[in-house]
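Scroll down for the structure; my scribbles are underneath it.
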Amino acid sequence: MDINLSEFLNLSEAEQAQYARGKSILFAQQFTREDLDFHCRLANASRFIHARDEGADFMSQLLRNKVCLNFFIQPSSRTFLSFNTAQTYLGMKRMSVRDLKISSVSKGESLADSIRTFISYVDLVVMRHPDEHAGAASFWVSEKAHRRIKVGGEEVAIPIISGGSGTKQHPTQALLDIYTLEDAFKNVGGIDGKTLMLVGDLKRGRTVRSLSYLMKNYQDVKLLFAAPDKYQMGEDICEFLDQHGIQYAKIESIEKGLAEADGIYMTRIQDEWDDLAPTSGHVKANENFIFKEAFLDKMKPHCCLMHPLPKRDEIEESIDYVDDPRVYYWRQERNGMWMRVAIIAELFKVADQIIDKAIEMGFKG
Ligand code: NCD
């Protein structure tokens with residue numbers, strides 16, 4: 001890359017995304033409709049072959065000589081575990097760094113030097129970092145460093161996958177959310193033409209921000225932003241939606257959007273970003289933005305209720321065990337693992353092998 005680090009970091013996300021496309025996964029803007037459809041198909045094919053020993057054994061050979069590092073220095077359960085499981089299924093060897101206190105950063109090492117060290121040992125870095133620029137900086141370091149690995153016959157820099165960066169982006173979550181929405185809408189024409197209501201802390205919710213970017217890939221979609229003023233969706237996302245002619249409206253309660261929504265995406269208050277930590281427990285969700293069990297009766301018959309998890313009080317607890325197929329968040333969580341198999345398989349150019357194997361085993365998707 002013919003550009004220095006500070007110049008690279010000064011580029012817009014859209015420009016950085018052009019550099020990263022096909023090499024690393026940092027921003028939701030990197031993905032086209034074709035990419036998304038392909039990843040969903042690949043996730044389905046992976047799931048299909050893994051259900052039988054023959055397919056699981058096949059899959060576990062694909063990346064058996066690759067080593068990956070899961071560098072997660074913010075709390076994570078699902079993203080960390082689902083990446084670990086996906087890597088295991090693909091046969092990768094795994095390592096993790098989860099605490100900077102026991103890494104050389106505590107001796108004053110820069111992120112750039114740490115990343116350069118990591119990529120001298122491993123073939124993939126998945127990272128979650130509180131600094132929204134850490135993923136882009138790591139990508140730049142990897143492109144500039146000397147080490148190259150062979151992927152699909154080409155020499156490439158070590159790929160970096162963002163597993164959540166600051167309050168801004170969570171691209172792999174957005175991909176698994178698309179996968180979940182595609183499943184929920186499979187009998188009603190897919191995501192095109194649908195209205196999604198995003199609820200909660202939209203200002204600092206990186207999941208809903210990344211998902212909003214992906215809407216550029218669908219026809220006639222509409223977003224309803226249900227949040228108190230102080231947690232409303234950022235102007236940068238609204239401008240992006242305006243530029244792409246995507247309709248949206250800011251609304252003052254869940255109830256206002258219930259009749260219209262085809263999908264409802266709940267989020268928790270991201271109070272870890274508050275200047276002052278709450279003195280007693282976590283910040284409570286505002287009453288207008290709590291999803292109540294009674295709302296299930298008012299939801300459309302095909303409407304799905306999603307949440308990236310972890311959740312707190314924003315979904316009434318009794319909903320967890322109701323027998324209603326529209327309550328999607330536990331399946332959404334598991335979908336994440338299959339989508340992460342697909343993401344890694346595509347990056348390492350073994351996707352076609354999975355699809356071919358699936359077809360040979362009877363996959364019709
Ligand atoms: C999300 C995150 O970390 O942004 N969690 C996840 O990856 N599923 C959502 C959250 O923490 O609220």
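The values are calculated or read from the model by the stated rules, or taken from the named source; none is laboratory data. Computed from a predicted model, the values in this text were never measured in an experiment. FYI the Cβ positions are ideal-geometry reconstructions off the backbone, even for glycines, and counts take in every protein chain you see. We work out accessible area using only protein heavy atoms, side chains counted, and drop any ligands, DNA or RNA first. Shrake-Rupley method; radii C 1.70, N 1.55, O 1.52, S 1.80 Å.
Amide H to amide H distances under 5 Å link Phe291 with Ile315, Glu316, where only residues 5 or more positions off or on other chains count and H is placed in the peptide plane. For the chain, the longest principal axis of the Cα atoms and the long axis of helix 33-50 meet at an angle of about 80 degrees.
Across the stretch 270-355 the C-alpha pair distances fall into 5 Å bins from zero in the proportions 3, 11, 17, 16, 14, 12, 12, 9, 6, 2, 0 percent. Based on the reciprocal of the average 1/r between different C-alpha atoms, the Kirkwood radius for the stretch 171-333 equals 15.9 Å. Restricting the chymotrypsin sites (Phe, Trp or Tyr not before Pro) of the stretch 82-184 to loop positions (DSSP other than H, G, I, E, B) with no more than 11 neighbouring Cβ atoms within 10 Å leaves nothing.
Using C-alpha pairs below 8 Å separated by at least 6 residues, the relative contact order for the chain is 20 percent.
Here the Debye sum runs over all C-alpha atoms of the chain as equal scatterers in vacuum, and log10 of I(q)/I(0) at q = 0.08, 0.09 Å⁻¹ comes out as -0.39, -0.50. Between the helical axis of 351-360 and the longest alpha-carbon principal axis of the chain there is an angle of about 70 degrees. Working from label points 7 Å from Cα in the Cα-to-Cβ sense, the Asn4 to Glu235 distance is 3.1 nm. Computed from point charges on the beta carbon alone (+1 for Lys and Arg, -1 for Asp and Glu), the dipole magnitude for the chain about its Cα centre is near 1020 Debye. Here the chain carries DSSP beta bridges of which approximately 10% are antiparallel, counting only pairs with both residues inside. How much mean residue ellipticity at 222 nm does the chain get from its helices, if each DSSP H run of length 4 or more adds -39500 (n - 2.57) and you divide by all residues, to the nearest 500 deg cm²/dmol? Calculated at 222 nm, the ellipticity per residue is -11500 deg cm²/dmol.
Over all pairs of different C-alpha atoms, the stretch 64-201 has a mean inverse distance whose reciprocal, the Kirkwood radius, equals 16.6 Å.
Near Ile161, the amide H atoms lying under 5 Å from its own belong to Ile25, Val125, Val126, Met127; only residues 5 or more places off or on other chains count, and H is placed 1.01 Å from N. A Förster radius of 30 Å, combined with the Cβ-Cβ distance separating Tyr321 from Thr88, puts the computed FRET efficiency at roughly 0.55. Straightening the chain between Ser280 and Lys144 buys 44.3 nm, computed as 0.36 nm per residue apart minus the Cα-Cα spacing. Solvent exposure of the chain, expressed per residue, is 44 Å² of accessible area, with all protein chains present and a 1.4 angstrom probe. Which entries of Lys230/Lys256; Lys194/Lys311; Lys66/Lys186; Lys93/Lys144 show an alpha-carbon separation above 27 angstrom in the structure shown? In this structure, Lys66/Lys186 exceed 27 Å between Cα atoms.
Taking the alpha carbon gyration tensor of the stretch 112-168, multiplying each eigenvalue by 5 and rooting it gives semi-axes of 21, 12, 9 Å, largest first. Using the Stokes-Einstein relation with a Kirkwood hydrodynamic radius computed over Cα pairs, the translational diffusion coefficient of the stretch 11-66 at 37 °C and a viscosity of 0.692 mPa s comes to 245 µm²/s.
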